Amino acid sequence: MKKQLVTLGLLFTAISITAQLKNTEADTIRIQTIEDVNLHKTGNPNKAKPLSTKSNLSVMETPQPIAIVTHEIIEQQQAKQLSDVIKNVNGIYLTSARGGSQDSFGGRGFTFGNDNIFKNGARVNSGVFPEVSGLERVEVLKGSNAMLYGNVGPGGIVNLITKKPKFEFGGAVGFSAGSWNSYKPTVDIYGPLSKNIAFRVNGAYEYAESFRDVVESKKNYFNPSFLFNLSENTQLIVEGDYLYHTFTPDFGIGSVTDNATGISRLATEIGRNQFLGTNWQYQTNQQATTDVILNHKINNNWSLNAVASYQSYTKDYFSTERVQWGYSSAAGGNLNPTWTRPVGKSYNEQNYTSLQVNLNGEFKTGSFNHKVLIGADGDYGQADAISYKPTPASLGVLQLNDPSTWINDAQMPNADKTYRRRIPTRRLGVYVQDLVELTKSIKLLAGLRYSYLTNGQSSDNIFMQGFTPPAVSAKTEDNALSPKVGLIYNPNENLSVFATYTNSFVPNAGFDFSDHSALKPSTVDQYEVGVKKNLWNNAVAVNLTAYQINNNNTYTTPLGTSDSTLKSYAGAVRSRGVELDITGNPLTNLSLIGGVSYNNAVYTKTPDKGFVEDQRLVRTPAVTANASAFYRFTTFAKGLKIGATAFYTGDRKAGWNDVKGQTQSTRMIDVDGYTTVDFSVGYEWKKFMIQGKVGNLFDVVNYNVHENYSVNPITPRNYYFTLTYRL
């Protein structure tokens, strides 16, 4: 209880600072909102100045693809999770998390991890389902972003921008309900407290059962913020963000492996509603974040931004584990695959503090115009992991061909603490970037970052007498230079053609299998060319990009090795692809989002007995596509809005990639591509709005697969309604 009170207290002591644009109608400064960056309704992202670039550059001046999903899109699609929002970003796809424990994404052939997710520009733990009702927008910078953010995965970064206070009174209260006894009240209120102080309070409670038997979820979200105008050029926001989420871990239906041949397949004999865990298992996540963001306008050409952030994250987990059906000779050879249901318990805690400072300026040297970004960032984190020994360690045997064994009733085992492992992490980076206007049409962007990262030696606290923990991890230190060079042809505000090169590094956790030395970081090279074009009187953005990403050294746990910290060199990974995006409002009342992407990510330069070269990486679809259209009637049937969305995820391979010279058959599992279609209708009358949606209209059956387990069926046809009253 004391810890919870401290966590809640952080919400009210959190401080966030930001300074933006002068309001000429009053003696105040406005924060940067969707309207300030020329984004209305769906909006034209090419006309925006996203916060995620840390600079004053517009999208057209930035030589990389950038996607922005506004809160209008989130609301009209009645998005319930971040994964519903990210579906609108072409080339970013949903991947399955172990036990369905979080929203997990991939992009351009690479998996997003903790280092790829940010909130208001600060790194946050990705092991949660973020609440989307408090988001102003989501910005996605595709591709490599090491020059700005350091050791981030090469697929891209996702930056969640929360709603901010306003100096006019307003807001909304809403209530949503839908299939499987789900309901969700929300509140969003903002307004002035005085001439120079404004506030905003977001909150939500959500309860939901599931099409999966036994599975349920409860979520509480609270996001208060206060804005202070300190002077004409400086602004302060006090902001906190707290999420409490408890739910049933769900490993799905599992996969079947023939122990003799190694062949794996999905256990599709099991209905998509069948839950194979127990009725007591749980996972509880708590995440509290705070920001301190200072923006100060020095003069008309120079501005300073400083961001400080603190995050507290905990995960309490007790559940049955991965569903892995295996043929057993005791059960009659290949007649009846069985699964001995294992149990696992763990507790994780992470405390994380970060600080960044960005100086933006514009000046001339001779005939050349410059837009300069000079910055530095650093952070310190401490991660604790407490392990337990459950007794008993498994809960009976389930048989695939005997549904009478698929029981959920089981007594919760005892679980004794064994040890706590603590690992501190420090990061430091300094960077400089300059956009030089060589001519009126040709611009050169050059940037360089120095990064330093250290993982301290782990320290253990033993709780169980006589217990011997795994080997202590040694201290590691890595540093790297991450350059970025781009050439932009920008003859006017409606056309940009670019070519760019970036280099980055990704640290690798663990030890070399052969000599137990610390693993070297992976170095990543990215080459990209693209065209950004505004059409229909600048109302629609059409962007086309082609890229190649080379991860020059990757590592994997060798087959037959139970210690996941031991890894061997796996070779290089080459990812090539093309992306086409279309976003905007071709008509006043019509909003469109569409895109299609192709990616081919394969292993190359693999060692003897390594992965087969030129074979597509598991869990990376070749083709993804998205389309969304919403129309609002303003004359006939005024107030009526209709819309539809469609999302396509192509064929994938689950399981593991093949190994050279393997004697068993492939362990890769073919997973077909699928398309889901949602249909929406809404009506707005005075201050009231009611919306309804049919999700997965055609009741498509398919699966998200994490390696060879956590085979989770996608949500069947479902219904969702929202009633909103605007203040």
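The values are calculated or read from the model by the stated rules, or taken from the named source; none is laboratory data. Please read these numbers as outputs of a predicted model, since none were measured by experiment. Here Cβ is always computed from backbone atoms with ideal geometry, including for glycine, and neighbour counts include all displayed protein chains.
Of the residues GLN433, GLN399, only one is in contact with a helix residue (DSSP H, G or I) (Cβ under 6 Å, 6 or more places away or on another chain), touching a residue at least 60 places away in the same chain (Cβ under 8 Å), over 29 Å from GLN287 (Cβ atoms) and not hydrophobic (A, V, I, L, M, F, W, C); which?
Numbers: GLN433 fails: in contact with a helix residue (DSSP H, G or I) (Cβ under 6 Å, 6 or more places away or on another chain).
One residue alone meets the criteria, GLN399.
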- Out of (1) surrounded by 24 or more Cβ atoms within 10 Å (Cβ to Cβ); (2) under 10 Å from the mean Cα position of the chain (by Cα), what's the single condition that is false for SER83? (1)
- Run down THR278, THR289 and say which single residue is at pLDDT 90 or above, under 16 Å from SER710 (Cα atoms), in contact with a Ser or Thr (Cβ under 7 Å, 6 or more places away or on another chain) and surrounded by 20 or more Cβ atoms within 10 Å (Cβ to Cβ). THR278
- Can you tell me which residue within the range 205-229, out of those that are surrounded by 22 or more Cβ atoms within 10 Å (Cβ to Cβ), among the polar types (S, T, N, Q) and out of contact with any Gly (no Cβ under 6 Å at 6 or more places or on another chain), is farthest from GLN311 (Cα to Cα)? ASN229
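Across the range 380-417, which residue is surrounded by the most Cβ atoms within 10 Å (Cβ to Cβ) among those that are among the β-branched types (Val, Ile, Thr) and in a strand (DSSP E or B)? Steps first, answer last, please.
Here is the first cut: in the range 380-417, the residues among the β-branched types (Val, Ile, Thr) are 386, 391, 397, 405, 407.
Now narrow it down to the ones that are in a strand (DSSP E or B): 386, 391, 397.
Details: ILE386: 18, THR391: 10, VAL397: 14.
Going through the qualifying residues, I end up with ILE386.
Just to be sure, is PHE211 assigned to a strand (DSSP E or B) and at pLDDT 95 or above?
Values: assigned to a strand (DSSP E or B): no; at pLDDT 95 or above: yes.
For PHE211, the condition - assigned to a strand (DSSP E or B) and at pLDDT 95 or above - is not met.
So that you can scan it fast, the table gives a plain yes or no per residue for (1) over 28 Å from the mean Cα position of the chain (by Cα); (2) in a strand (DSSP E or B):
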{"position": "LEU276", "(1), (2)": "no, no"}
{"position": "ASN299", "(1), (2)": "yes, no"}
{"position": "SER303", "(1), (2)": "yes, yes"}
{"position": "THR338", "(1), (2)": "yes, yes"}
{"position": "PRO342", "(1), (2)": "yes, yes"}
- Output the residue which, of all residues in the range 458-514 that are of a type in the set (S, T, N, Q) and in contact with an Asp or Glu (Cβ under 6 Å, 6 or more places away or on another chain), is nearest to ASP115 (Cα to Cα). ASN503
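Where in the range 668-725 are there strands (runs of 3 or more DSSP E), lying fully within it, with 1 or more residues that are touching a Leu at 6+ places or on another chain (Cβ under 9 Å) and over 29 Å from ARG619 (Cβ atoms)?
Working: elements: 668-671, 674-685, 688-695, 703-706, 709-713.
Once the strands (runs of 3 or more DSSP E) in the range 668-725 are filtered for at least 1 residues that are touching a Leu at 6+ places or on another chain (Cβ under 9 Å) and over 29 Å from ARG619 (Cβ atoms), what remains is 674-685, 688-695.
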- So which residues in the range 174-205 are within 20 Å of PRO716 (Cβ to Cβ) and in a strand (DSSP E or B)? SER176, ALA177, GLY178, SER182, TYR183, LYS184
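Determine which member of the set ASP291, ASP258 is over 28 Å from SER346 (Cα atoms) and more than 29 Å from the chain's Cα centre (by Cα). Explain how you work it out, then say what you get.
Values: ASP291 fails: more than 29 Å from the chain's Cα centre (by Cα).
Residue meeting the stated conditions: ASP258.
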- Message: Among the residues in the range 558-580, are any surrounded by fewer than 20 Cβ atoms within 10 Å (Cβ to Cβ) and over 28 Å from LYS653 (Cβ atoms)?
- Response: no
- Note on the structure: All conditions in (1) surrounded by fewer than 19 Cβ atoms within 10 Å (Cβ to Cβ); (2) in contact with a Gly (Cβ under 9 Å, 6 or more places away or on another chain); (3) among the aliphatic types (A, V, I, L, M); (4) within 23 Å of ARG98 (Cα to Cα) are true of ILE690 except (4)
- Contact list, first residue from the range 451-467 and in contact (Cβ under 8 Å) with a residue 40 or more places away in the chain, second anywhere and of a type in the set (D, E, K, R) and surrounded by 15 or more Cβ atoms within 10 Å (Cβ to Cβ), beta-carbon distance below 6 Å, six or more apart or interchain, is LEU453/ARG427; LEU453/ASP478; ASP460/ARG421; ASN461/ARG420; PHE463/LYS417
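With respect to ALA480, is the statement that it is of a type in the set (A, V, I, L, M, F, W, C), surrounded by 15 or more Cβ atoms within 10 Å (Cβ to Cβ) and touching a strand residue (DSSP E or B) at 6+ places or on another chain (Cβ under 7 Å) true? Step through it out loud before you land on a result.
On the way: of a type in the set (A, V, I, L, M, F, W, C): yes; surrounded by 15 or more Cβ atoms within 10 Å (Cβ to Cβ): yes; touching a strand residue (DSSP E or B) at 6+ places or on another chain (Cβ under 7 Å): yes.
Taking the combined requirement at face value, the residue satisfies it.
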- Query: Using beta carbons and a limit of 8 Å, which pairs, at least six apart or on different chains, have the first residue in the range 230-242 and over 13 Å from SER309 (Cβ atoms) and β-branched (Val, Ile, Thr) and the second one outside any strand (DSSP E or B) and at pLDDT 90 or above?
  - Reply: none
- Message: Exactly one of these conditions fails for PRO154: (1) part of a loop (DSSP other than H, G, I, E, B); (2) under 14 Å from ASP379 (Cβ atoms). Give me its number.
- Response: (2)
- Item | Enumeration of residues in the range 255-274 that are among the small types (Gly, Ala, Ser) and either in contact (Cβ under 8 Å) with a residue 12 or more places away in the chain or in a strand (DSSP E or B) (or both) | SER255, ALA260, GLY262, SER264, ALA267
